[in-house]
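K.L.:
Please find one structure pasted underneath; my questions will follow.
The values are calculated or read from the model by the stated rules, or taken from the named source; none is laboratory data. Quick caveat, the model's predicted, so the values are computed rather than measured. Note that we place each Cβ from the backbone using ideal geometry, even for glycine, and neighbour counts take in every protein chain shown. When the accessible area is computed, the model is the full protein with side chains, heavy atoms only, and any ligands, DNA or RNA have been set aside. Shrake-Rupley method; radii C 1.70, N 1.55, O 1.52, S 1.80 Å.
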Amino acid sequence: MNSFKFAVINPLLHNELRLKIMVALDSLESANFMYLCEITGSTRGNLSVQITTLKDAGYLEVSKTGIGRLSYTSCRITARGREALRSYEQGLRRLFTEAVPAQEKMQNRTTF
């Protein structure tokens, strides 16, 4: 029986735009919506959906001030979000540095 398993990485953060949002907010105290839109190269609609996804996961805090078109949205990463981001980074590093053990390579080798 095979015992080797690759590291598990967080599928929620394995989305390019969500990862960009999290990395940006990890280095900032907070950022407004339009700044995030600009630095990620995202459309407003897509950014809004991804921010909501991260907020619902508890990774971001989102605050809105103002009314309608004059509203101002600010985002900040939570402690849970920082922890998830660190874990994701470690998982990726392990994924690239782990090697399938030699014993399992021999057991599962296919000859063509």
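K.L.:
Mind checking the angle between helix 44-56 and the chain's longest principal axis? C-alpha axes, 0 to 90 degrees, to the nearest 10.
P.N.:
70
K.L.:
Also, quick follow-up: At a threshold of 8 angstrom on Cα-Cα distance, excluding pairs fewer than six apart, so keeping six or more, what relative contact order does the chain reach in percent?
P.N.:
33
K.L.:
Just to confirm the filter: which chymotrypsin sites (Phe, Trp or Tyr not before Pro) across region 1-68 are DSSP coil and have at most 14 other Cβ within 10 angstrom of their Cβ?
P.N.:
Hits after loop and neighbour filter: PHE4, PHE6.
K.L.:
Give the longest segment of the chain that steers clear of GluC sites (Glu not before Pro) in DSSP loops with at most 15 neighbouring Cβ atoms within 10 Å, not counting the sites themselves. Write down the numbers at each step before the final one.
P.N.:
Working: sites that count: GLU29, GLU98.
Within the chain, the longest run free of exposed GluC sites (Glu not before Pro) spans 30-97.
K.L.:
Calculate what fraction, in whole %, of the accessible area of the chain sits on carbon and sulfur atoms when a 1.4 Å probe is rolled over the protein chains.
P.N.:
54
K.L.:
Also: What does the convex hull of the alpha-carbon atoms of the chain project to on average, in nm²?
P.N.:
Details: hull surface 40.1 nm².
So the Cα hull casts an average projection of 10.0 nm².
K.L.:
In deg cm²/dmol and to the nearest 500, what is the mean residue ellipticity at 222 nm of the chain if only DSSP H runs of at least 4 residues count, each as -39500 (n - 2.57), divided by the residue total?
P.N.:
Per the formula, -15500 deg cm²/dmol.
K.L.:
Quick one: accessible area per residue over the chain, 1.4 Å probe, rounded to a whole number of Å²? Intermediate values should be presented prior to the final figure.
P.N.:
Values: 7970 Å² over 112 residues.
Accessible surface, normalised per residue, equals 71 Å².
K.L.:
Right, next: Please return the longest range in the chain lying between exposed loop sites, taking trypsin sites (Lys or Arg not before Pro), DSSP loop only, at most 12 other beta-carbon atoms within 10 Å, and leaving the sites out.
P.N.:
No qualifying site falls inside 6-108, the longest such stretch.
K.L.:
Which of ILE51, VAL23, CYS75 sits closest to the plus end of the dipole of the chain, meaning its Cα is farthest towards the positive end, when Lys and Arg get +1 and Asp and Glu get -1 on the C-beta?
P.N.:
The residue sitting farthest along the positive end of the dipole is ILE51.
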